[in-house]
Amino acid sequence: MSFSTLGLSDPIQQAIAEMGYDAPTPIQEQAIPVVLNGRNLIAGAQTGTGKTASFALPILSMLDSQQKVRGKRIRALILTPTRELAVQVEKNIQQYSKYSNHSSLAIYGGVDSAAQKKRLIQGVDILVATPGRLLDMCTQKAIHFDELEVLVLDEADRMLDMGFIEDINKIIERLPLDRQNLLFSATLSKQVRALAKTAIANPVEVSVLADANAAPKIDQWLVTVDKDQKSALLSHLIKENDWQQALIFIETKHGAAKLVSQLEKRGIVAEAFHSGRSQAIREQVLQDFKSGELKLLVSTGVAARGIDIDNLERVVNYDLPYPADEYVHRIGRTGRAGASGEAISLVSKDNFKNLCMIESRLGHLITRKVIEGFEPRKEVPISILNYVPKNKPKPSAKKSNDKSPEVKLERGAGAKRRNPAPKRRPRRGAKPQGKPQGRSQASE
Ligand code: AMP
């Protein structure tokens with residue numbers, strides 16, 4: 001399939017052709033026709049599958065670029081869990097709208113809000129926002145939603161994990177009922193479906209999660225090692241194998257800083273990336289990592305969400321994540337867009353339960369290695385597949401306490417109201433489309 005058959009507008013097709021997008025990815029093939037049709041959508045797709053374009057391209061195609069947006073108004077709202085993802089998504093939108101003159105803006109916490117507010121007051125076509133900062137702008141009366149046409153909940157599972165449910169509900173309550181709703185999530189868990197049920201009427205459901213799970217191009221292996229030997233083992237692996245790049249996931253901010261200094265003592269340069277560092281430093285560190293100037297980034301899982309690095313060679317789970325889906329997210333950072341990648345986990349005996357859950361989630365055992373000189377004194381038993389824990393470990397997001405400053409840890413409260421089925425407005429510029437075809441797994 002080629003992009004020309006999907007019904008995207010000419011300026012959008014021109015922009016993506018220049019970016020080297022030859023053919024739509026599976027999620028784009030499935031989602032773009034549904035969105036152009038004005039339908040509500042729930043999509044199972046994780047970062048790396050081309051999910052951003054699968055909502056951004058049809059939204060840009062639908063929004064009439066000749067119509068000038070009024071002050072304080074927005075026409076599409078994309079909610080993201082983290083500021084990094086907000087920045088990334090908005091950057092993609094800028095690239096996609098190179099020939100269509102749509103305006104876009106990302107607003108997020110951790111930076112002074114004055115400039116964001118000033119820009120918002122002029123009105124923007126597409127606003128990408130973290131929930132806390134958006135509510136802040138509502139309180140400051142810097143935004144009106146009466147012209148809003150589309151809402152996107154990006155990485156919905158992550159937003160729920162981070163305790164954003166209350167904020168999302170508060171935002172949805174302010175939006176016009178007559179809007180299109182798109183939800184993207186790396187997992188279509190019960191909680192995600194519950195959110196979808198309250199906010200999204202009669203959605204079409206599409207998914208490429210089976211592909212993501214299979215991750216055939218990612219070489220996954222684990223090393224069993226005693227906990228107190230992990231940093232020495234990591235240094236050994238980096239030096240012995242002359243790693244040119246690795247994104248190293250660790251549980252806590254404190255752990256990240258400690259590991260960076262342990263690596264430094266062994267002559268290895270790395271940088272920590274977490275919400276305890278200023279936004280300016282995080283942006284600089286990320287830029288250095290992307291350019292290849294910085295080879296090793298030690299990041300908490302929450303902070304790393306939304307980092308989009310082309311051809312990331314390797315991810316390392318210094319700590320094993322919880323829940324198991326998080327493991328799938330993390331390894332999905334490598335092996336993107338056809339490139340091969342490597343995912344290595346350092347596993348000690350106290351990680352056994354997590355390992356069982358991850359291998360049960362994958363449906364197979366991960367290849368094990370023992371590195372000479374780092375043989376564990378405490379053996380890690382072989383996992384029981386289909387393992388169901390009696391006491392679940394705490395979610396890593398909560399444990400790490402690594403939140404954007406605007407994040408509130410309010411959990412659990414259900415959505416307050418159900419939207420009636422939206423009566424769709426005909427969209428200017430949207431070409432009529434049939435149901436998704438070809439490889440589509442769309443179901444309604
Ligand atoms: P995402 O899943 O949105 O984070 O996208 C992952 C990466 O794939 C980004 O670097 C995109 O620019 C790239 N990408 C998205 N769609 C395509 C496509 N159809 N062809 C090639 N690259 C793409």
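The values are calculated or read from the model by the stated rules, or taken from the named source; none is laboratory data. From a predicted model like this one, the values you see are computed outputs, not experimental measurements. Heads up, the Cβs are rebuilt from the backbone with ideal geometry, glycines too, and the neighbour counts pull from every protein chain shown. Protein only, heavy atoms only, side chains kept; ligands, DNA and RNA dropped before computing areas. Shrake-Rupley method; radii C 1.70, N 1.55, O 1.52, S 1.80 Å.
Can you say whether Arg83 is more than 15 Å from the ligand (Cβ to nearest atom) and either at positive phi or in contact with a Ser or Thr (Cβ under 6 Å, 6 or more places away or on another chain) (or both), as far as the supplied structure shows? Break it down into steps so the answer makes sense when it comes.
Values: more than 15 Å from the ligand (Cβ to nearest atom): yes; either at positive phi or in contact with a Ser or Thr (Cβ under 6 Å, 6 or more places away or on another chain) (or both): yes.
Yes.
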When you go through (1) outside the structural domain of Leu234 (by TED's automatic domain parsing); (2) out of contact with any helix residue (DSSP H, G or I) (no Cβ under 9 Å at 6 or more places or on another chain) one by one for Lys353, which number turns out not to apply? (1)
Restricting region 165-179 to residues that are more than 21 Å from the chain's Cα centre (by Cα) and not aliphatic (A, V, I, L, M), which is surrounded by the fewest Cβ atoms within 10 Å (Cβ to Cβ)? Glu173
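Which one of Ile93, Ile78, Ile126 is modelled with pLDDT of 95 or more, among the aliphatic types (A, V, I, L, M), within 16 Å of the ligand (Cβ to nearest atom) and assigned to a helix (DSSP H, G or I)? First the steps, then the outcome.
Working: Ile78 fails: assigned to a helix (DSSP H, G or I); Ile126 fails: assigned to a helix (DSSP H, G or I).
Every option except Ile93 fails the conditions.
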Enumeration of residues in region 139-157 that are open to solvent by 10 Å² or more (accessible area, probe 1.4 Å) and out of contact with any strand residue (DSSP E or B) (no Cβ under 6 Å at 6 or more places or on another chain): Thr139, Gln140, Lys141, Ile143, Phe145, Asp146
Within region 69-86, can you find the residues that are crowded, with 21+ Cβ neighbours inside 10 Å and among the hydrophobic types (A, V, I, L, M, F, W, C)? Ile74, Ala76, Leu77, Ile78, Leu79, Leu85, Ala86
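For region 145-182, name all the residues that are charged (D, E, K, R) and farther than 17 Å from Ile42 by Cβ. I'd like the intermediate steps shown before the answer.
Of all residues in region 145-182, those charged (D, E, K, R) come to 146-147, 149, 154-155, 157-158, 161, 166-167, 170, 173-174, 178-179.
Of everything in region 145-182, those that are charged (D, E, K, R) and farther than 17 Å from Ile42 by Cβ turn out to be Asp146, Glu147, Glu149, Asp161, Glu166, Asp167, Lys170, Glu173, Arg174, Asp178.
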Can you tell me how many residues within region 308-331 are modelled with pLDDT under 85, farther than 17 Å from Glu251 by Cα and surrounded by fewer than 22 Cβ atoms within 10 Å (Cβ to Cβ)? 4
Qualifying residues in region 102-124 (those that are free of Cβ contacts under 8 Å to residues at least 60 places away in the same chain and touching a Ser or Thr at 6+ places or on another chain (Cβ under 6 Å)) - the one most open to solvent (accessible area, probe 1.4 Å): His102
